[in-house]
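Accompanying notes for the structure given below.
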Amino acid sequence: MSDPANSGGRPGPYPDRPGHPGGPYPNRHPRPEPGTETDTHRWWALAVIATAQLMVVLDATIVNIALPSAQRELGLTNGNRQWVITAYTLAFGGLLLLGGRIADLVGRKRTFVIGLIGFAAASAIGGASTGPEMLFLARALQGAFAALLAPSALSLLTTTFTRGDERAKAFGVFSALAGAGSAIGLLVGGVLTEFLSWRWCLYVNVPIAAIAVIGAYTLLSDRAGTRGTHGAHLDMPGVILGCGGLVALVYGLSEAEIHGWSAPLVLGLLTGGAALLSGFAWWQTRTPGPLLPPHIVRDRNRGGSMLIMCLTTIGLFGAFLFMTYFLQTVLGYSPLRTGLAFLPLTASIVIGSTQISARLLPHVPPRYLIGPGLLLGAAGLYSLTFIDTHSSYPTHILPGTVLLGLGLGLTFMPAIATGTSGVAARDSGVTSATVNTAQQVGGSIGTALLNTIAITTTSTYLAAAKTTGLTPPERTALVNTATVHGFTVALAWASAILIAAAVVAVLVITGASPRTRESTTDTGP
């Protein structure tokens, strides 16, 4: 579609953005030429969006290292301590689709700000907790507001950067934070817990959110929401079926980690979740205003990218889980030293996303980056299967984590960019929510599936070992050896999952490079 306000007669890159002459607000400032002061503000807007996304991602892991301290102070039991993590992921993963559609209806900037304020308030409540129930409630509230914040952040990025090299650079930064945020959370959690208090792992979100809110009001722009327009409404049956199914699925996966896959509760939750999601898929093809428009996931490039995000996050969460326990319980690292050990992984993800993927994606098809990136990540995970109780960090751990980081950096950026491209602005919120949902479900599957494999393997190893007549030090050494054996088997499975994701990338994602698509659009009829 040609933009009549564009003097060259070429298609305008922002036909539905506020401020564009052809957009819904013609009396506001027109889109500036590249290099002007207002155009530069887009990069400041990226800083605001990235800050909010980092806060959401790192909060999934920042509490992990602080959990032992919180457990001692608040009197959490071994049975209920997992709710500090589960309450967040359950609310976050289960409500993401609803949050994405609310962003489309109400407006992404407004939803973004509400999410920031609510997330900060929930964090303050959590930091001031006087008992387990108060902390669990605060974490659930954090997850609920994160479900508003994350899709609105990604959809703001999608509608702010729409073409060429700028989009690649912006998604490179965003993807680097999405991939490295969990590792950064482990580092920050270690520093805050060791030098301040576990409570600051929650309090730290308050000043970050305050800065982001100020930046959002001064730097972000957005089109109006679709609420009040013809046919725009919230699909309540879809909300009940979709959100209910996701909550049941995520809850079932988290309980599988504790009770095992054959427990009646786990089987009931997983079966019920699958039934609700099947009903959701059927309903979305019947209702005139679907919560998740079917065309979003029917596109092979978007659907394939979302599947890849799910599979990749399985491997990533598995690596974080096992390497954290290995470093602390087997090698005896402190929380701070454990966090520092993940810095090379974080740096590798950032380099892979911003310096490799962001530079190459405008020129090459996405699968040429995603496929090799996943194979590189699989090689990194496989190299970690050779660790033992006497492994050296520089020799046996560092090379694998660097390979994994580079592979994830090559993967996340083109997968997120492809998964959110080619949709109308009115659907960008729910599309972004679907990408985030794929990550959350992948993380839950990875934690439950790989941890179950590790525990089962460790138990089998110990059952087959001769334990009679062992001295206490010998028994401890045997348990450590069995534990590490369980970790390595689970890491091998994680490596295989990344290889399967690479096959999906090569066979399913067939889209051309962004520059080729733009050239076709500009010269087409």
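Every number in this text was worked out from the coordinates using simple rules, so none of it is lab data. None of the values given here were measured: they were computed from a predicted structure. Virtual Cβ from ideal backbone geometry, glycine too; neighbours counted across all protein chains shown.
Can you compute the modelled spin-label distance between Leu137 and Ala477, with each label point 7 Å from Cα toward Cβ, in nm?
A separation of 5.2 nm, rounded to one decimal place.
Of Leu105, Ile85, Ala122, which is farthest along the charge dipole of segment 78-142 in the positive direction, counting Lys and Arg as +1 and Asp and Glu as -1 at C-beta?
Most positive-ward Cα: Leu105.
Could you calculate the contour length gain from Trp43 to Arg72, that is, 0.36 nm times the residue separation minus the distance between their Cα atoms, to one decimal place in nm?
Going from the current span to full extension adds 6.1 nm.
Using a Förster distance of 45 angstrom, determine the FRET efficiency expected from the C-beta separation of Ala281 and Ala128, and round it to 0.05.
0.60
Explain nothing, just compute: Karplus ³J(HN,Hα) = 6.51 cos²θ - 1.76 cosθ + 1.60, θ = phi - 60°, for every residue of segment 333-343 in order, whole Hz, x for Gly and Pro.
Values per residue, Gly and Pro as x: 6, 6, x, 5, 5, 5, x, 5, 5, 8, 4 Hz.
Once phi is turned into θ = phi - 60°, what whole-Hz ³J(HN,Hα) does the Karplus curve with 6.51, -1.76 and 1.60 give for every residue of segment 433-443, x standing for Gly and Pro?
Rounded to whole hertz, the list is 5, 5, 4, 5, 4, 4, 5, 5, 5, x, x.
Hey, if you drop one equal point scatterer on each alpha-carbon of segment 235-290 and run the Debye formula without solvent, what base-10 log of I(q)/I(0) do you get at q = 0.14, 0.25, 0.28, 0.29 Å⁻¹?
The computed values of log10 I(q)/I(0) come out as -0.38, -0.83, -0.95, -0.99.
Sequence gap at least 6, Cα distance under 8 Å: using those rules, report the relative contact order of segment 235-290 to the nearest whole percent.
Reported relative contact order: 46 percent.
Tell me the label-point distance for the pair Ser392, Met236, using the 7 Å Cα-to-Cβ offset, in nm and rounded to one decimal.
6.6
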